[in-house]
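Asker: Provided herewith is a single structure, encoded as structure tokens, for subsequent inquiry.
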Amino acid sequence: MNEELRWLEGLKSRGIKIGLERMKSLMEDFPLDYRVIHVGGTNGKGSVCQFIGKILQEEGYNAGIYSSPHLERLNERITINGEEISNSSLSKIAGMLMKKDEGMTFFEAMTAIALIYFRGKVDFAVIEVGMGGRYDATNVVEAEITAITNVSMEHEQYLGESIKKIAEEKAGIIKGGDVVTACSGESLEVIEKKAKECNAKLHVVGKDITWKRIAPKKFLVKSKEEYELETQLSGIFQGYNIAMSVRMAELLGIKRESIVNGIRKTFLPARMEKAGKFLIDGAHNPAGIKAMQNGLKDFRYDDLFIIFGAMKDKNIESMIKFLPEGKIIATSIGGERAADADTI
């Protein structure tokens, strides 16, 4: 590992710092020359980013995706048309940022690297929020479409102790343009209010866009048009993510064929992914565990063994409550943030 990448990895020790001042300063010399889709929410952000990114690619656009966290390699967080950023590009931009380091965090540095890397290379950048929205490092972008998947309890120590407060933080990425959401109830009321304040056009799954599952991996979506869509991803909850992605694609004037092919070709590892007798899922909050539990209905099994690990700053007790019945094997997933197996 070279000096630049060692510096980048070392930023993890700085933890989380709230505020946009550092990001605004970092990006002053790097105006963005591409269109932006900004994706926030509690669960489903990664799936929506991949769906709309693949649809854009099918339409012939060069599409960058910035998402987090990664599974195996840091490079996974930054891709163009599915190709990960190279170590040399990562090092080069990290070296530029080293010279401007005034206390930036790891996530701020990675966000800046993505935004800079995409310059001159993409038509669209699909940017996934890291945490919250209002003060998230990604919120230096001006998006023509903003997506907020859903709102549930997470990161309460930073975002607030109620759905309303968390929704207000997530709605902080709305600045105008079009807003697509699958939220309902109290969180939808917050988003409606923010959209009205910003003169943004709101599109709501369940109202303006509807969907139903017609086979385990096939959905009927009714938006401006009607679509029968096949997907590689498991779980009934993908219906919400697909419906949102369809509406965003329609707003961009993307052809029907590109939408159908984009949804069909999208694959995202560790989202109810079947690997032999294993089912791998990245659920990391109570709502995600509930969705995973519901998704298990699509699979047949006699005995269920659950290998469970989590970060120590997560609501582990609530997550365990929603685990399906089975034999639980507690494990540590490694890293400073990980909860040890004995604690679990």
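The values are calculated or read from the model by the stated rules, or taken from the named source; none is laboratory data. Not measured: the values here are computed from a predicted model. Cβ atoms come from the backbone with ideal geometry, glycine included; neighbour counts cover every protein chain shown.
Asker: crowded, with 20+ Cβ neighbours inside 10 Å and in contact with a Gly (Cβ under 8 Å, 6 or more places away or on another chain) - does that describe any residue in region 8-21?
Answerer: no
Asker: Do you know which residues across region 321-334 are in contact (Cβ under 8 Å) with a residue 12 or more places away in the chain and either within 26 Å of Glu72 (Cβ to Cβ) or small (Gly, Ala, Ser) (or both)? Even if it seems obvious, please write down each step before you answer.
Answerer: Narrowing region 321-334 to residues in contact (Cβ under 8 Å) with a residue 12 or more places away in the chain: 321-333.
Within region 321-334, Leu323, Gly326, Ile328, Ile329, Ala330, Thr331, Ser332, Ile333 meet the criteria.
Asker: I'm told Leu233 meets every condition in (1) within 20 Å of the chain's Cα centre (by Cα); (2) not assigned by TED's automatic domain parsing to the domain that holds Val48 except one. Can you identify the failing condition by its number?
Answerer: Exception for Leu233: condition (2).
Asker: If a residue counts only when it is hydrophobic (A, V, I, L, M, F, W, C), which strands (runs of 3 or more DSSP E) contained entirely in region 200-262 have at least 3 such residues?
Answerer: Of the strands (runs of 3 or more DSSP E) lying wholly inside region 200-262, those with at least 3 residues that are hydrophobic (A, V, I, L, M, F, W, C) span 210-215, 218-222.
Listed here are the residues, each with its yes/no results for (1) of a type outside the set (Gly, Ala, Ser); (2) without any contact (Cβ under 8 Å) to a residue 12 or more places away in the chain; (3) assigned to a loop (DSSP other than H, G, I, E, B).
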residue	(1), (2), (3)
Lys121	yes, no, yes
Ala125	no, no, no
Glu142	yes, no, yes
Glu168	yes, no, no
Gly172	no, no, no
Val180	yes, no, no
Leu188	yes, no, no
Glu192	yes, yes, no
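Asker: From the list Ala195, Ala200, Ala171, which one is modelled with pLDDT of 95 or more, under 20 Å from the mean Cα position of the chain (by Cα) and surrounded by 14 or more Cβ atoms within 10 Å (Cβ to Cβ)?
Answerer: Result of the check over Ala195, Ala200, Ala171: Ala171.
Asker: Working only within region 301-329, note down all residues that are in contact with a helix residue (DSSP H, G or I) (Cβ under 9 Å, 6 or more places away or on another chain) and either of a type in the set (Val, Ile, Thr) or outside any loop (DSSP other than H, G, I, E, B) (or both).
Answerer: If the condition is that a residue be in contact with a helix residue (DSSP H, G or I) (Cβ under 9 Å, 6 or more places away or on another chain) and either of a type in the set (Val, Ile, Thr) or outside any loop (DSSP other than H, G, I, E, B) (or both), then Phe308, Ser318, Met319, Ile320, Lys321, Ile328 are the ones that fit.
Asker: Out of region 153-166, which residues are part of a loop (DSSP other than H, G, I, E, B) and crowded, with 19+ Cβ neighbours inside 10 Å?
Answerer: Glu154
Asker: Among Asp101, Asp178, Asp136, which is surrounded by fewer than 16 Cβ atoms within 10 Å (Cβ to Cβ) and on the phi < 0 side of the Ramachandran plot?
Answerer: Asp101
Asker: Moving on to the next point. Which ones in region 204-217 are surrounded by fewer than 14 Cβ atoms within 10 Å (Cβ to Cβ) and more than 20 Å from Ile145 (Cβ to Cβ)?
Answerer: Lys212, Ile214, Ala215, Pro216, listed by residue number.
Asker: Can you give me the ranges of the strands (runs of 3 or more DSSP E) entirely in region 25-115 with at least 1 residues that are without any contact (Cβ under 8 Å) to a residue 40 or more places away in the chain? Quick ask: steps written out before the conclusion?
Answerer: On the way: elements: 35-40, 63-66, 78-80.
Correct list: 78-80.
Asker: Report yes if Ala147 is of a type outside the set (Val, Ile, Thr), touching a strand residue (DSSP E or B) at 6+ places or on another chain (Cβ under 7 Å) and not in a loop (DSSP other than H, G, I, E, B), otherwise no.
Answerer: yes
Asker: Is it the case, given these coordinates, that Lys312 is modelled with pLDDT under 95, within 22 Å of the chain's Cα centre (by Cα) and either in the same structural domain as Asn150 (by TED's automatic domain parsing) or surrounded by fewer than 17 Cβ atoms within 10 Å (Cβ to Cβ) (or both)?
Answerer: Judged against the criteria, Lys312 is a match.
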